[in-house]
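Asks: Here it is, the structure, as structure tokens.
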Amino acid sequence: MNGITHAVTKGTFSLDGETHEVENNVWMVGDDKEVVVIDAPHDVETILAAVDGRSVQAIICTHAHDDHVRLAPELSDRTGAPIWLHPDDEVLWDMTHPERRWDKDLAEGQQFEVGGIDLWVIHTPGHAPGAVCLYASDLCALFSGDTLFKGGPGATGRSYSDEDVITDSIRRKLFALPEETRVFTGHGPSTTIGAEADELGR
């Protein structure tokens, strides 16, 4: 069970008066004793089944759209793990959880160590002001949230998003990673940095 485990949850995403059905990837990084959980959408029982009894060291939110953080407080209560979020996403967090703040702030360059694996925080605004990706060089893996997908950048047609900003984040920060880096996304299939650099242009 060392390395990366995965679950898919189904639910809704709501913003700007619109609601859409979505499927979200939930990624767990660690070993057979401890993990961090990346995002907490829709269904706590599905996430806990994938955790499979391991100690959850942190719940790291790639951004604060409701389909990524809706179950973060419940998952925190169930596991005792702190919720981490970049503070630039406060306005989005408050739309879903006005009564409860996250526990700890994420920052560019921050390091998490879990199960012998190092995860580094990369602040990649654009899809949301506080969007982050998590890079594990030991695994040659990037957990991109909704910043980068197979086929290009995350959506920027809603409040608090910006196409120029997300493109700059991807080109400056993500395309600097090794081309063979696997990209594990917030929705849909995985890809690689090299494939997306070829698609988007460096």
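The values are calculated or read from the model by the stated rules, or taken from the named source; none is laboratory data. Keep in mind the model is a prediction, meaning the values are calculated, not measured. Cβ: placed from backbone, ideal geometry, glycine included. Neighbour counts: every protein chain shown. Ligands, DNA and RNA are stripped out before the accessible areas are found, and what is left, the full protein with its side chains, is counted by its heavy atoms. Shrake-Rupley method; radii C 1.70, N 1.55, O 1.52, S 1.80 Å.
Asks: Anything in region 67-83 that is of a type in the set (Gly, Ala, Ser) and in a helix (DSSP H, G or I)? List them, or say none.
Replies: If the condition is that a residue be of a type in the set (Gly, Ala, Ser) and in a helix (DSSP H, G or I), then 72, 76 are the ones that fit.
Asks: Pick from 71, 106, 139, 134: which is of a type in the set (A, V, I, L, M) and more than 28 Å from residue 192 (Cα to Cα)?
Replies: Details: 106 fails: more than 28 Å from residue 192 (Cα to Cα); 139 fails: more than 28 Å from residue 192 (Cα to Cα); 134 fails: more than 28 Å from residue 192 (Cα to Cα).
Only one candidate passes the filter, namely 71.
Asks: Can you tell me which residue in region 156-167 is nearest to residue 133 (Cα to Cα), limited to those that are surrounded by 12 or more Cβ atoms within 10 Å (Cβ to Cβ) and of a type outside the set (Gly, Ala, Ser)?
Replies: Narrowing region 156-167 to residues surrounded by 12 or more Cβ atoms within 10 Å (Cβ to Cβ): 156, 158, 160-163, 165-167.
Now drop any that are not of a type outside the set (Gly, Ala, Ser), which leaves 156, 158, 160, 162-163, 165-167.
On the way: 156: 17, 158: 20, 160: 18, 162: 17, 163: 17, 165: 15, 166: 12, 167: 14 Å.
So, considering only residues that are surrounded by 12 or more Cβ atoms within 10 Å (Cβ to Cβ) and of a type outside the set (Gly, Ala, Ser), the one nearest to residue 133 (Cα to Cα) is 166.
Asks: From the list 167, 181, which residue is among the polar types (S, T, N, Q), out of contact with any Leu (no Cβ under 7 Å at 6 or more places or on another chain) and without any contact (Cβ under 8 Å) to a residue 60 or more places away in the chain?
Replies: After applying the criteria, what remains is 167.
Asks: Continuing with the same structure: Starting from region 27-40, take each residue that is free of Cβ contacts under 8 Å to residues at least 12 places away in the same chain and in a loop (DSSP other than H, G, I, E, B) and list its partners that are open to solvent by 10 Å² or more (accessible area, probe 1.4 Å) and of a type in the set (Gly, Ala, Ser), counting only C-beta distances under 6 angstrom and pairs at least six apart or across chains.
Replies: none
Asks: Can you name the number of the only condition in (1) under 16 Å from residue 9 (Cβ atoms); (2) touching a residue at least 40 places away in the same chain (Cβ under 8 Å); (3) exposed (fewer than 14 other Cβ atoms within 10 Å of the Cβ) that residue 91 fails?
Replies: (1)
Asks: Let me ask something additional. Going through region 168-202 one residue at a time, which ones are part of a loop (DSSP other than H, G, I, E, B), open to solvent by 20 Å² or more (accessible area, probe 1.4 Å) and touching a Phe, Trp or Tyr at 6+ places or on another chain (Cβ under 9 Å)?
Replies: Within region 168-202, 177, 187, 188, 189, 190, 202 qualify.
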